[in-house]
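Here is the structure we will look at, set down as structure tokens.
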Amino acid sequence: MDASITPLPLRKKLSDFIHDTSFEKLQPNIIHHAKLCLLDLIGVSLAGGCQKAASIVQSLIPAMSGCEEVTLWGSDRKLPLLTAVLMNAVNGHAIDMDDGHRYANGHPGVVTIPAAVALSERENLTGRDLIEAIVIGYDFFIRLGSAINPDLLLRGFHTTATIGCFASGAVAAKLLKLSRPQTENALSLSGLQSAGLLEVLHSGESGKSFQVGKAAQSGVLAALLAQQGADGPERIFEAEKGFFKAFAGKSCDSPSICKNLGKDFNLPGVYFKKHAACRHIHSALDAIAELVGRHALSVEKIDSIDIETYSIAESLTGHIATADSELGAKFSTPIALGLLLVFGQSDSSIYKKQYVADPRVQSIARKVTVRVNPERDKVYPGQRGALVTVKAGGQSCTHEVTYPRGEPENPLSDDEMAAKFEKNASTLYTVERVNRMRALILDIENRHVRELTSMLRAPGSL
């Protein structure tokens, strides 16, 4: 390329991608993955609605009330668009079982799907419109997150909260049918609202879900502003004071971000969670579960547990969380292993203070050592594995997990996904209603989104 020719701004290329993506261009496997993502996120959001962070945000409904536009899932309320997006996304992150992507180092579904469903409901759109938006939002999140990490994480920023505003902004631009210039400005205005810190993993646990909900809301707000004529920086991604330099201290690699854009969609690379804990713990949890099944380990006889893993897993989860922190337990390998060994559970119901503080759990946690093998850093993030060695009663047993359950290389089956949805959604609804809801979601391309949101109302409303 002639050095005198200024490359097109990345936001223009991404705007073209938003406008050019249509349901008709999507392969059947991409459509199926989008529906699984929708199923999973709605399920975890319904279960998350009774968590502390969700209750706090919902207590503000009287102060944030207004026109009744879209559904707060699991309730009999309709809220203003921006309020509903915020609250449904907070709920979706509250139990730490929402989907993720290992190269992007974050959770695309929780910032994409609440925005997509809310806008589709307000605009009375079809399931095909919804699927288009979901595919676009995930691709945005994964391409940008993969390009900026691990630098973003190492500076202390929360990927889901900082990248999430671009995903929700892209979704909103698509569903509001913004013009190309408006779409470009929506992306820039999304970036101007980007925020979120990993310090919430250590204290202030309610803030983790809140900053994710705010990211989902911010993208929608950006698109609404752009629709009314607001503008934003032309080179929001690549400028010297733009997103990549400010948040990661490095240049924006536009060619990498745009490689096969609109041809290769990233949805099949998404993982789904089996355990309600930080993804960096899952390989160790799967390994422990395997060892328990093979050797009938007795908790009382365990002398030590050695976890060999990679640096980011050790730095984020290698400590023992305080006994009064439910979120901290989800980001503590020693506590998570203790809960699984003592109670045989790893879903959200076990990450409660009374279980975390159990003396048997605390005793196991003190016997866990988490250490780094530099060789594992060389294959990260392509592999996020763990080698677990348990010594008990003079004997030793070892198991290694390279890809935890739910990764594309070790996927949850459709039946397992259905079972996870049923368990989460059944916290509110009857099994019969859950089954009807699942069937509707898996046929959403042939339905209107308001059929789904009508079913997501309070248990007694249908």
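In the range 278-300, which residues are free of Cβ contacts under 8 Å to residues at least 40 places away in the same chain and part of a helix (DSSP H, G or I)? Result: 293, 300. The criterion of at least 1 residues that are more than 20 Å from residue 342 (Cβ to Cβ) and of a type in the set (Val, Ile, Thr) is met by the following strands (runs of 3 or more DSSP E) wholly inside the range 354-402: 368-372, 395-401. Under the condition of being basic (Lys, Arg) and either buried (at least 18 other Cβ atoms within 10 Å of the Cβ) or not in a loop (DSSP other than H, G, I, E, B) (or both), the residues counted in the range 436-447 number 2.
Among the criteria (1) open to solvent by 20 Å² or more (accessible area, probe 1.4 Å); (2) part of a loop (DSSP other than H, G, I, E, B); (3) within 30 Å of residue 39 (Cβ to Cβ), the one residue 275 does not fulfil is (1). Starting from residues that are closer than 25 Å to residue 151 by Cβ and of a type in the set (A, V, I, L, M), keep the ones in the range 309-326 and report whichever is surrounded by the most Cβ atoms within 10 Å (Cβ to Cβ). Filtering first and then ranking leaves 313. The set of residues in the range 251-270 being within 16 Å of residue 144 (Cβ to Cβ), without any contact (Cβ under 8 Å) to a residue 24 or more places away in the chain and part of a loop (DSSP other than H, G, I, E, B) consists of 251, 259, 260, 264. Can residue 303 be described as out of contact with any strand residue (DSSP E or B) (no Cβ under 8 Å at 6 or more places or on another chain), surrounded by fewer than 17 Cβ atoms within 10 Å (Cβ to Cβ), more than 30 Å from residue 12 (Cβ to Cβ) and touching a residue at least 24 places away in the same chain (Cβ under 8 Å)? Here the answer is no, as residue 303 does not meet what is asked. Taking the numbered list (1) modelled with pLDDT of 95 or more; (2) of a type in the set (Gly, Ala, Ser); (3) within 20 Å of residue 283 (Cβ to Cβ) in turn, residue 382 passes all entries but (1). Taken over the range 50-99, the residue count meeting the criterion of being hydrophobic (A, V, I, L, M, F, W, C) and part of a helix (DSSP H, G or I) is 15.
Has the range 375-395 got any residue that is closer than 22 Å to residue 310 by Cα, basic (Lys, Arg) and under 20 Å from the mean Cα position of the chain (by Cα)? Checked the range 375-395: at least one residue is closer than 22 Å to residue 310 by Cα, basic (Lys, Arg) and under 20 Å from the mean Cα position of the chain (by Cα). Out of 277, 329, 336, one residue alone is hydrophobic (A, V, I, L, M, F, W, C), under 29 Å from residue 47 (Cα atoms) and at pLDDT 95 or above. It is 336. Number of residues in the range 56-82 that are under 21 Å from the mean Cα position of the chain (by Cα), open to solvent by less than 20 Å² (accessible area, probe 1.4 Å) and free of Cβ contacts under 8 Å to residues at least 40 places away in the same chain equals 1.
When every residue of the range 173-188 is checked against the conditions, none turns out to be in contact (Cβ under 8 Å) with a residue 12 or more places away in the chain, open to solvent by 60 Å² or more (accessible area, probe 1.4 Å) and in contact with a strand residue (DSSP E or B) (Cβ under 8 Å, 6 or more places away or on another chain).
Within the range 350-360, the set of residues being in contact (Cβ under 8 Å) with a residue 40 or more places away in the chain and either out of contact with any helix residue (DSSP H, G or I) (no Cβ under 8 Å at 6 or more places or on another chain) or open to solvent by 20 Å² or more (accessible area, probe 1.4 Å) (or both) comprises 360 only.
Among the residues that make up the range 10-22, is at least one of them without any contact (Cβ under 8 Å) to a residue 60 or more places away in the chain and not in a loop (DSSP other than H, G, I, E, B)? No: the range 10-22 contains no residue that is without any contact (Cβ under 8 Å) to a residue 60 or more places away in the chain and not in a loop (DSSP other than H, G, I, E, B).
Just checking, does the range 137-147 include any residue being open to solvent by less than 10 Å² (accessible area, probe 1.4 Å), without any contact (Cβ under 8 Å) to a residue 40 or more places away in the chain and of a type outside the set (S, T, N, Q)?
yes
Whether a residue is among the polar types (S, T, N, Q), assigned to a helix (DSSP H, G or I) and free of Cβ contacts under 8 Å to residues at least 60 places away in the same chain was assessed, and residue 345 does not pass this test.
Look at residue 199 and say whether it is surrounded by fewer than 24 Cβ atoms within 10 Å (Cβ to Cβ), of a type in the set (D, E, K, R) and over 14 Å from residue 115 (Cα atoms).
Against the criterion (surrounded by fewer than 24 Cβ atoms within 10 Å (Cβ to Cβ), of a type in the set (D, E, K, R) and over 14 Å from residue 115 (Cα atoms)), residue 199 qualifies.
The rows are residues; the columns are (1) open to solvent by 70 Å² or more (accessible area, probe 1.4 Å); (2) touching an Asp or Glu at 6+ places or on another chain (Cβ under 6 Å); (3) touching a residue at least 40 places away in the same chain (Cβ under 8 Å).
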site: 381; (1), (2), (3): no, no, yes
site: 385; (1), (2), (3): no, no, yes
site: 388; (1), (2), (3): no, no, yes
site: 397; (1), (2), (3): no, no, yes
site: 406; (1), (2), (3): no, no, yes
site: 420; (1), (2), (3): no, no, yes
site: 434; (1), (2), (3): no, yes, no
site: 453; (1), (2), (3): no, yes, yes
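For residue 47, are the conditions met, namely being modelled with pLDDT under 90 and either touching a Cys at 6+ places or on another chain (Cβ under 6 Å) or buried (at least 21 other Cβ atoms within 10 Å of the Cβ) (or both)? In short, no. Scanning the range 211-250 for residues that are in contact with an Asp or Glu (Cβ under 7 Å, 6 or more places away or on another chain) and either buried (at least 18 other Cβ atoms within 10 Å of the Cβ) or free of Cβ contacts under 8 Å to residues at least 24 places away in the same chain (or both) turns up 244, 248.
The values are calculated or read from the model by the stated rules, or taken from the named source; none is laboratory data. Since we're looking at a predicted model, the values are computed, not measured. Neighbour counts are summed over all protein chains in view; Cβ atoms, including those assigned to glycine, are modelled from backbone coordinates with ideal geometry. The protein model used for the area step is the full one, side chains on, heavy atoms only, and it has no ligands, DNA or RNA in it. Shrake-Rupley method; radii C 1.70, N 1.55, O 1.52, S 1.80 Å.
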